[in-house]
1. Any chance segment B:171-193 includes a residue that's of a type in the set (S, T, N, Q), more than 14 Å from chain A (Cβ to nearest Cβ) and under 19 Å from B:H32 (Cβ atoms)?
2. Given the criterion more than 14 Å from chain B (Cβ to nearest Cβ), surrounded by 15 or more Cβ atoms within 10 Å (Cβ to Cβ) and not in a loop (DSSP other than H, G, I, E, B), identify the matching residue among A:E307, A:E314.
3. Identify the residue in segment A:350-369 that is part of a loop (DSSP other than H, G, I, E, B) and in contact (Cβ under 8 Å) with a residue 40 or more places away in the chain and, among all such residues, is farthest from A:V251 (Cα to Cα).
4. Identify all residues within segment A:166-191 that are more than 14 Å from chain B (Cβ to nearest Cβ) and at pLDDT 90 or above; write none if there are none.
5. Considering each of B:L164, B:L148, B:L160, B:L176 in turn, give the residue that is touching a residue at least 12 places away in the same chain (Cβ under 8 Å), under 30 Å from A:S183 (Cβ atoms), in contact with a Ser or Thr (Cβ under 9 Å, 6 or more places away or on another chain) and surrounded by fewer than 20 Cβ atoms within 10 Å (Cβ to Cβ).
6. Out of B:I273, B:I353, B:I320, B:I296, which single residue is in a helix (DSSP H, G or I), free of Cβ contacts under 8 Å to residues at least 40 places away in the same chain, away from every other protein chain (no Cβ under 14 Å) and surrounded by fewer than 19 Cβ atoms within 10 Å (Cβ to Cβ)?
7. Looking at this structure, is B:G24 among the small types (G, A, S) and touching a residue at least 40 places away in the same chain (Cβ under 8 Å)?
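The values are calculated or read from the model by the stated rules, or taken from the named source; none is laboratory data. Everything quoted here is computed from the prediction, not taken from an experiment. Note that each Cβ is placed from the backbone with ideal geometry, even for glycine, and that neighbours are counted across all protein chains shown.
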Amino acid sequence: MRLVAIFQLCLLAALSSGCAVVMERPALEDLGMIGVMGFDYLNPRQAKIVVTLPEPSKEAKEKTQMYKTIAAFPNEALMTLSPKSEKTMSLAQLRVVLFSEEYARKVGIREVIENLYRNPAVGDNVFVAIVKGSVEGLMGAKYENKPEINQFLNDLLHPRRDTAFHSFLTIHDTIFRLHGETSDLDLPYLEQQQGDIQITKIALFKRDKLIGFLTDREGKINQAIRARLQLPDMNFTITEEDTGKKHVEIVVDFVTSDSKVKVHGGVEAPSFQIDMKIYARVLAYTGRRDLENPDEWVKVEKDLEHELDRQGLELLKKLQKLGVEPANLTDYVRAKYHGEWHKEMAEKAFANAKFAVHTDFVVIGFGTLQTSSIEPDSMLALGRNQGMQQALGHIPLQTIQMGN
Amino acid sequence: MDKGLIEKLNTFHVIFLVQNVIIGMNLLTLPHDMSAMGYNQWWILFIIGVLAQLTLIPMYLLGIRYPNQNLYTINEILLGKWLGKLSNLVLLVYSLLTIATVSEVYIRLVQTVTLPERTVRVPLFLLVCVALYIAHGGIKAVARFCILGFFATIWLVYYLQWGLQKGIFVHIYPLLNLSMFEVLDGLREGSPAVLGYELMLLYFPYIQHQKKALRHASIGLWISVATYVAVSFTSVVYFSEWQMEHLMYPVLNLFKAVELSFLERIENFGIAIWIFLILTTISAYLWAAKISLDSILEKRRAIYFVLVGLVVSYPWRGVISLKLQAFLFEHLVIYLGYLMVLWPNLLLVIHWIRKRLGGINP
């Protein structure tokens, strides 16, 4: 027992020495939590780095502090920024990393992302995005009707159904794809438009360099091929052959979507069979069909299927031409290949691939307004928030006969 | 306090002693250690589990033949006094090296992630102090702490679901994409993770239901293997091969994927909780080292704990060269572990021979 007492005494002595430390670790209020870090192109070796941090002080005029420096790496930037700030800069609350388009094209994003990934203080759920023009311009601008910019950008890039046309890539995902064996990067592209920040396009990457873009529509189809369960609304312009009406506008709200990819053939020239299954509600329809008639209803579904098949195939051919593959199709080739796999094999397989897209489009409802009471050519205005119980599956036609 | 040879470990004590001593530092680094296997690593762990199960049987058979002796005394009975003491010395070295390795890796992680502005010396000293305190209470205290450790940490498995949600399940294909040589290599890389059950022969005389000890130890072993497979499988779907190869602590990054509305950066929490798993492993080996000293010096004295603690926590690691450290902590400790796992087979053979010759009466 005496031994235990000696032990405890030693322990106490060791612990009490903690009070004597001269240089204390900064307390929470002394830390400047960087929320957004941006990289603008300066020269091949160095970048102009912009950081913003929320300013909690009530006396401060601005809600956000912004600092700029020139450095090669994030850590180096912290070093040179620290003397400018009254607080100890920390990357522990980093939420968003931005790259200017020029930087992403000329330098590539790999080194910066790897540098951040190596730092244990940085979380893995940090979103990555590309900016049109300069990051400094985007972050320095005033947005009257927006919350604090760190908060706003984080919320904007956070996974939401309405913006689910890009992959919401975080630092982890970016590293995953950069060093992955198959899929390429697709990052959101931010633009400043009339006092707003908007995700306008999707930036495509070959390895770590930006080489092209997808529109948000193409992004949605890309996500459908990637089997994302929840997709944002989408509009189609189709021609109804039998009724003879051209430019029929249909807006659909995807309820659930799924896709199955099958691969035939070897690594040299695979052929992909992509089967998409989509359940959706029609929100708006300007055609001449009578939607209460089950036969006509099926025709609308067929029109939509043809349109999605066509657009899916078009997208894949475009991607093949660009030589980038954000749809993760070659992973299915890899899954069938025995032996060592390299990224080059995926690139080669995708370049030689053939595609067949088949969509099974199920319209599960048209809303709650009787269609026959509306002029055939006018736009149907349908309740968006209704019919959620229909969303649970394909409900037989007679149970949702409208307006009887 | 642990004063004599009384049977005091009940069913749960045995299960969780085996289970929790196995899971120490290796789980944090396992997907990285087995990264050469790529996406096939998770099913290799099943094979490792089966191999461990097979080596558990001779331990049980030996233990049941010497119900009142621990491994050290069995060594002296079967091999003679001096040869027995020599092998006990080897086991002592093994225990010390294991403690040093486990505490070193954990403290280094804590230093990198949680306490970047401090050196490791003080945290290491405190860690060993706590482990000594637990081990000082005897094997039953260690076993009780193992039960506590299990329930304090098992819920972390829940947080794997974030990794699974984000993961790409196609990664598990193609299955069996390894040559025979690669499988053997995988076994070599992964096997150190299940070491820990070999201590069973040391606490075998304390077990209440010795006849059921094999079943209880197997339950503990397979809980550990199941945890390993779950973590490894999640890593396979969540990471790319490059990430598994380059991330030193993949489990840390699995925690980093977690997003909760009320809590952020849960990995800091995870590292702190992990100390339960480290403490159980260290304290069990401390206890093993202490009774090893008891048997070598033929005296039961509590001061041996302090001796052992000093050896493992004293910063002698700074004195020896890095090359020697790498040899000791990365190679020697594992080979000694294999030796200890296979040792009961040898003892069983000697037992059988000597029984045939009629010279033994346990």
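1. Taking segment B:171-193 first, the residues of a type in the set (S, T, N, Q) are B:177, B:179, B:191.
From what is left, the residues that are more than 14 Å from chain A (Cβ to nearest Cβ) are B:191.
Narrowing further to those that are under 19 Å from B:H32 (Cβ atoms): B:191.
Yes, there is a match, as at least one residue in segment B:171-193 is of a type in the set (S, T, N, Q), more than 14 Å from chain A (Cβ to nearest Cβ) and under 19 Å from B:H32 (Cβ atoms).
2. Details: A:E314 fails: surrounded by 15 or more Cβ atoms within 10 Å (Cβ to Cβ).
Being more than 14 Å from chain B (Cβ to nearest Cβ), surrounded by 15 or more Cβ atoms within 10 Å (Cβ to Cβ) and not in a loop (DSSP other than H, G, I, E, B) holds for just one of A:E307, A:E314, which is A:E307.
3. Step one: of segment A:350-369, the residues part of a loop (DSSP other than H, G, I, E, B) are A:352-353, A:366-369.
Cutting the leftovers down to in contact (Cβ under 8 Å) with a residue 40 or more places away in the chain gives us A:352-353, A:366-367.
On the way: A:N352: 35, A:A353: 32, A:F366: 11, A:G367: 12 Å.
That would be A:N352.
4. We begin by selecting, within segment A:166-191, every residue more than 14 Å from chain B (Cβ to nearest Cβ); these are A:166, A:186-191.
Of everything in segment A:166-191, those that are more than 14 Å from chain B (Cβ to nearest Cβ) and at pLDDT 90 or above turn out to be A:D186, A:L187, A:P188, A:Y189, A:L190, A:E191.
5. On the way: B:L148 fails: under 30 Å from A:S183 (Cβ atoms); B:L160 fails: surrounded by fewer than 20 Cβ atoms within 10 Å (Cβ to Cβ); B:L176 fails: in contact with a Ser or Thr (Cβ under 9 Å, 6 or more places away or on another chain).
Step by step, each of B:L164, B:L148, B:L160, B:L176 is checked, and only B:L164 is touching a residue at least 12 places away in the same chain (Cβ under 8 Å), under 30 Å from A:S183 (Cβ atoms), in contact with a Ser or Thr (Cβ under 9 Å, 6 or more places away or on another chain) and surrounded by fewer than 20 Cβ atoms within 10 Å (Cβ to Cβ).
6. On the way: B:I273 fails: free of Cβ contacts under 8 Å to residues at least 40 places away in the same chain; B:I320 fails: in a helix (DSSP H, G or I); B:I296 fails: free of Cβ contacts under 8 Å to residues at least 40 places away in the same chain.
Within the list B:I273, B:I353, B:I320, B:I296, the selection yields B:I353.
7. Values: among the small types (G, A, S): yes; touching a residue at least 40 places away in the same chain (Cβ under 8 Å): yes.
So B:G24 passes the test.
Residues checked against (1) modelled with pLDDT of 90 or more; (2) basic (K, R):
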{"residue": "A:K58", "(1), (2)": "no, yes"}
{"residue": "A:T80", "(1), (2)": "no, no"}
{"residue": "A:E86", "(1), (2)": "no, no"}
{"residue": "A:A104", "(1), (2)": "yes, no"}
